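A.B. asks: What follows is a structure written as structure tokens; I'll ask about it next.
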Amino acid sequence: MQAAEKADGGAAEARMRALPLWKGPITVTPLKGGVSNASFKVTDSTGSYVARLGGDYPFHQVSREREAIASRAAFEAGLSPELVHAGDGLMVLRFVEARTYAEADVRANAGACVDILKRCHAEMGRRITGQGAVFWVFQILRDYAATLQRHGHRLAGEAPRWAKIVDRLEAAQLPLPIVFGHHDILPGNFMDDGKRLWLIDWEYGAFGTAMFDLSSISANNSFDAAGETLILERYFGREPTEAMWRAFHAMKAASALREAVWGMISELFLAAPGVDYAAYAKEYLGRFDKVHADYLERYGA
């Protein structure tokens with residue numbers, strides 16, 4: 001499967017170079033940072049673009065058609081650069097000269113990151129056409145666990161233990177309004193051009209609960225307690241209740257576990273150059289163990 005992904009990526013790059021949208025000669029420069037897709041900066045006589053190569057990933061519940069719909073909606077909402085082409089495993093967006101965030105940048109600009117997510121949740125849903133996708137992390141974790149077991153992953157034996165934890169974390173959630181969320185709040189998906197913040201990459205864009213995006217800011221960017229208070233107070237405009245805190249911390253553990261198991265699933269199916277999916281899974285499994293231990297200490301089993 002990994003060799004097939006590599007071969008398909010090479011064919012996709014050739015198709016990208018042959019796209020009729022380019023005007024005159026082009027220069028192509030590989031971009032770093034992607035963990036599941038190959039990306040290039042392409043410059044022609046009309047300007048610069050980002051071309052990203054990657055087909056549907058059913059093992060991650062990723063549909064490029066749905067991603068294109070979300071990307072167009074994000075541009076209309078003023079959140080993301082314009083999508084100028086989508087199809088046949090290729091997406092082309094206008095290039096934005098901007099600095100990609102690291103974890104420290106997200107923490108230092110937490111208010112702006114929360115604000116753009118709040119705009120996403122308020123503006124995106126009414127711009128989505130076609131059949132609406134749903135992102136519910138607990139269902140995704142159960143699906144991931146079944147995939148690990150079906151393919152005999154080296155950590156598949158942990159799946160029954162994780163399943164019990166997932167049930168408890170799901171039971172701690174609060175009913176919240178359904179919103180269209182981003183669901184991939186890694187630092188590299190925030191970009192700052194010096195004037196404004198951009199939110200990019202809509203592979204996991206779908207309807208769901210705001211609590212996942214909010215908890216993922218903390219889980220993926222190493223926030224402390226004061227930072228987490230800022231996240232919830234900034235988003236909801238009031239002091240969090242104890243039930244809200246419990247739902248947040250439970251979702252934070254689920255977010256970290258999802259990222260860890262995402263790495264394990266990627267070990268089975270993907271082969272992005274220079275990406276060590278086993279190391280990625282190990283890092284986030286460590287984060288999950290810590291966050292879940294903190295949750296148990298705070299709320300009990």
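The values are calculated or read from the model by the stated rules, or taken from the named source; none is laboratory data. All figures in this text were calculated on a predicted structure; none of them were measured in a lab. Virtual Cβ from ideal backbone geometry, glycine too; neighbours counted across all protein chains shown. Ligands, DNA and RNA are stripped out before the accessible areas are found, and what is left, the full protein with its side chains, is counted by its heavy atoms. Shrake-Rupley method; radii C 1.70, N 1.55, O 1.52, S 1.80 Å.
A.B. asks: L232 is checked against (1) in a helix (DSSP H, G or I); (2) without any contact (Cβ under 8 Å) to a residue 24 or more places away in the chain; (3) open to solvent by 10 Å² or more (accessible area, probe 1.4 Å) and fails just one. What number does that condition carry?
C.D. replies: The number of the failed condition is (3).
A.B. asks: For the stretch 50-81, enumerate the residues that are in a strand (DSSP E or B) and open to solvent by 20 Å² or more (accessible area, probe 1.4 Å).
C.D. replies: Filtering the stretch 50-81 down to residues in a strand (DSSP E or B) leaves 50-53, 57, 62.
The answer is V50, R52.
A.B. asks: Taking the stretch 84-101, which residues are open to solvent by 50 Å² or more (accessible area, probe 1.4 Å) and without any contact (Cβ under 8 Å) to a residue 60 or more places away in the chain?
C.D. replies: Those that are open to solvent by 50 Å² or more (accessible area, probe 1.4 Å) and without any contact (Cβ under 8 Å) to a residue 60 or more places away in the chain: R94, F95.
A.B. asks: Also: Write out, first by first residue and then by second, each pair whose Cβ atoms fall under 6 Å of each other, whose residues are 6+ apart or on separate chains, and whose first residue, in the stretch 43-62, is closer than 16 Å to T29 by Cα and among the small types (G, A, S) while the second is outside any strand (DSSP E or B) and open to solvent by less than 30 Å² (accessible area, probe 1.4 Å).
C.D. replies: A51/M16
A.B. asks: Moving on to the next point. Can you confirm whether the stretch 279-286 contains a residue that is buried (at least 20 other Cβ atoms within 10 Å of the Cβ), part of a helix (DSSP H, G or I) and among the basic types (K, R)?
C.D. replies: No, every residue in the stretch 279-286 fails to be buried (at least 20 other Cβ atoms within 10 Å of the Cβ), part of a helix (DSSP H, G or I) and among the basic types (K, R).
A.B. asks: Moving on to the next point. Just to check your reading of the model, which residue among E203, E170 is more than 14 Å from the chain's Cα centre (by Cα) and either closer than 17 Å to V291 by Cα or buried (at least 22 other Cβ atoms within 10 Å of the Cβ) (or both)? Before the answer, list the steps.
C.D. replies: Values: E203 fails: more than 14 Å from the chain's Cα centre (by Cα).
Among E203, E170, only E170 is more than 14 Å from the chain's Cα centre (by Cα) and either closer than 17 Å to V291 by Cα or buried (at least 22 other Cβ atoms within 10 Å of the Cβ) (or both).
A.B. asks: For A271, which of the numbered conditions (1) in a helix (DSSP H, G or I); (2) more than 26 Å from K118 (Cα to Cα); (3) open to solvent by less than 40 Å² (accessible area, probe 1.4 Å) fails to hold?
C.D. replies: Result: A271 fails condition (1) only.
A.B. asks: Further, regarding this structure: If you go through the stretch 116-142 one residue at a time, how many are open to solvent by less than 60 Å² (accessible area, probe 1.4 Å), in a helix (DSSP H, G or I) and either among the charged types (D, E, K, R) or closer than 22 Å to F59 by Cα (or both)?
C.D. replies: 5
A.B. asks: Could you tell me whether I165 is closer than 26 Å to E67 by Cβ and of a type in the set (A, V, I, L, M)?
C.D. replies: So I165 does not fit the description; no.
A.B. asks: Taking the residues in the stretch 206-229 that are touching a residue at least 24 places away in the same chain (Cβ under 8 Å) and open to solvent by 40 Å² or more (accessible area, probe 1.4 Å) as candidates, determine which candidate is farthest from K252 (Cα to Cα).
C.D. replies: F207
A.B. asks: Would you please list the contacts, defined by Cβ atoms under 6 Å and residues six or more apart or on different chains, that run from a residue in the stretch 153-176 that is without any contact (Cβ under 8 Å) to a residue 24 or more places away in the chain and in a loop (DSSP other than H, G, I, E, B) to a residue that is small (G, A, S) and surrounded by 14 or more Cβ atoms within 10 Å (Cβ to Cβ)?
C.D. replies: none
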